[in-house]
1. Using the beta-carbon distance between B:Ile105 and B:Ser394 and R0 = 41 Å, what value does 1/(1 + (r/R0)^6) give for FRET efficiency, to the nearest 0.05?
2. From the square roots a ≥ b ≥ c of the eigenvalues of the alpha-carbon gyration tensor of the range A:233-298, which class results: rounded (a/c under 1.5), prolate (a/b over b/c), or oblate?
3. To the nearest 10 degrees, how steep is helix A:53-65 against the longest Cα principal axis of chain A, on a 0 to 90 scale?
4. Please work out the Cα center distance from the range A:1-53 to the range A:288-353, rounded to the nearest Å.
5. Roughly how tilted is helix A:169-180, in degrees to the nearest 10 and between 0 and 90, from the longest Cα axis of chain A?
6. On average, how many beta carbons from a partner chain sit within 10 Å of the beta carbon of a residue in A:61-72?
7. Sorted from largest down, give the three principal axis spans of the alpha carbons of the range B:111-171, whole angstrom values.
8. Order these peptides, B:380-387, A:188-195, by their mean beta-carbon neighbour count within 10 angstrom, highest first.
Amino acid sequence: MNKKQILFFFIVLLIGFPLLNFFVPIIKSAGLNGSFSIAPDATFSWNKWFEGTFQDEKNKYWRDNFGFRSDFIRLNNQIQYTLFGNTNAKDVVAGKEECFYEKNYIDSYLGKNCLPDSVIDFETRRIKKVQDYFLNQGKSFVYVIATGKAWVLPEFIPVEMDTIKQISSYEKFLRKFDEYGVKYIDFNGYFARHKKEFNYPLVTKHGTHWSSYGAAIAMDSTIKYLNSQYGLKINPVNVGCNPSDVYNEHDREVTMAFNLIFPLKTKEKTCHPDLSYDSCADCVKYRAIISADSYFWEPYGLRIFQNTLGPFEFWYYNYESWDNNNEKKPFEKPKLLNSMNQTDIFIMMASEMHIECVTGKLIELVDAEQ
Amino acid sequence: MVFSSITFLIFFLPVLLFVYYLADNRYKNIILLVFSAAFYAWGAPKFIFVILLTTFVDFHFVKWLYDTNNPKIRKLLFLASLSINLGLLFYFKYCNFFIENANRILTEAGVGTFPLLNVVLPIGISFYTFESITYMVDVYRRVHAPLRKFWEYQLYIIFFPKLIAGPIVRYHEIADQINGRFSNHRIDDKLLGLNRFCIGLAKKVLIANVVGKEADAIFQSDIHLLSSWDAWIGALAYTMQIYFDFSGYSDMAIGLARMFGFRLPENFNNPYISKSITEFWRRWHITLGSWMKNYLYIPLGGNKVKSNARLYFNLVMVFAFSGLWHGAHWVFIIWGLYHGLWMVLERLIGEERLQKIPAMLRIAFSFFVVVIGWVFFRVEYLSKGIAFIQKMFSFDFNTHQPLEKQFVIVFIAALLFSFSTLFSPFRKIEKDMYYASALTFSKMLLYSFAALILFILCVSSIASSDFNPFIYFRF
């Protein structure tokens, strides 16, 4: 073989390597982050062949599974980001100073997807009905309004989206909550107004929910609220801080989905919460239910309620149930009703954008009990 | 199956290269035929039978035509074969177009209408029908003897690199290569072919797809909401898209064929540096122009007609047919007529007078004419084309839609590439990469490395095209 033949052989080998790695995985690529589906393999039939559906399915299967796919995607994403500033994650908007938003948080802040007054009224009545149900049984109730990123960090909204702000669903809900006497803690407003008083970000530039630090602060305040409002004796949490120049995975959940070769670095000083609990002889481990959207995942991961409450259930959007041991339990009506009867505390929690989203199935349960 | 897909690049191509290069020369054509059939059947599983049947009939008609010396039978066989091919093309591609137009007239006249046919256009039918015609014409004219075996003819027709989108290979250009290419097939051909394929792939994936996205967005917008700026950006983006898409595909076809030892004719030669529309048609879709000239324009009388009026009529007719060949729609015919009329105008002005105009001015004007023509090619109906052009010349430059950074960079690069061969260093690079028969090892190493990088970038881009994850992966 002469030099050119070796060169050609080498190039063909390189071109064929992804195919080889597909059949015989010699090198394992790191997986991709984000929520996406992988096409299953196609099953052959002559009918499907002549209709072309087998080929379509096989094309998709090969596209989603060929060797080094994730490396190729990371390479493309890196080029797109470095050269053109493009991010390959669904509905993510690049704001100023490398602050990234999910578009619907900006829309919510600007009031672009504001619900009609009738819906706000209807949903508030339902929340109030849930509250009354638990309070009437002598249980504790609070609605926790979690942060919306655009509310806490409006200064980084990209210029092209920074239009005139109109009234939002959140603002309307606050008025209605006050009008109907819903018991709530508004972390969205509080974090937005007081963020400068904190040494570390309550919402990070690369995250979408509240930061780990912000989540810890919010849970600490929730416990204090329950203790003072209802005379409970929940063991408080001490929120300390390990300062860092590097975000933890939660605090860079948006940029992780960019799937870059070189993860984005931050100039923001961040805090990895250092949680501790004082020994407390007269504290009580109450049973609790937290009906929440995705904002509760970080407190759940930080194990704050696991350490301060008794057995609790996390009803994720009221279609999944997780216990305090990270186990997913069946979301079945008799069991849920039983839990509602046994619980001492009921917490509803949702971001300013999803306030109405955690009532749906809950109201059915309350109605079933009444 | 398209070249710019994971199925082709990662699965089909490596397997074919592996099998083809390991096989003995005796089996190489069979391997290419089997893979070509699989390539076509993958995208058009039902129509492979249409091709198999028509090629079977064509092959035997032409064989008979060649063997007989009776001029009447020869002519009869020729006409029969031509009718079958054109009939199929008409049935699949143009039947509904003519029915629709007839229905319009009948509706105006208050008479009933004909129902439309439920037909699907077989992929590549315009290309392989024209190639079938060249086979029968070349044999009929005794330019070249027919192929001895049916499977060799099959390979000529369904050879996958050029099956879907050309170049249109005239029979006599490739006839001797089918069995006689093995002794001349050198390693330089394989490497240069692979390089050419990668360049074509990059033209399609990295340039045409990017500018095409913007062109699509603008042409799909409500024209009334566009400014002149938007309209010009749309027209220019489409001008770049169609060139880099089509010439990229031709590069891929020529490169692939060269890797298997075939030399296909060139299809593009920097058309946007043309100094006239006449020159543009010598540089754009060269194989279609050549086909039209040899199999339509010359049979109509070509330049050797009695009057200028007839000459101009022939020219306009040929271009109208060229337009119709691109698609069964009036906008394509208008586009063809538009170019035909410019050709006539250039003939009326005369080459000598045109030469007196500075070259750069002629290039700019020809490009301008071509850009306007592409608007008709891109729109779905004539009135939209006229409205779009009116918008271009309404001189409303006050507002414009925001442009993505990627589009701006790629668009500027596309413009530069389109005109780069006006300058000699770029002509030299193009000569090395496109037309050289051999290169020194160091040059080959450099170009191959660049081609490999392009290949990786293209696969990355294709792999990512449908990957757009939600960020809620933890939830």
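1. 0.75
2. Because a/c hits 1.5 or more and a/b fails to exceed b/c, the range A:233-298 counts as oblate.
3. 80 degrees
4. The distance from the Cα centre of the range A:1-53 to that of the range A:288-353 comes to 44 Å.
5. With both axes taken from Cα atoms, the answer is about 20 degrees.
6. The shielding value for this peptide is 5.
7. Per principal axis, max minus min of the Cα coordinates gives 51, 27, 20 Å.
8. A:188-195, B:380-387
Taken together, the values in this text are just the output of simple stated rules run on the coordinates, not laboratory data. Remember, it's a predicted structure, so these values are computed and weren't measured experimentally. Glycine gets a Cβ as well: all are built from the backbone with ideal geometry, and neighbour counts include every protein chain shown.
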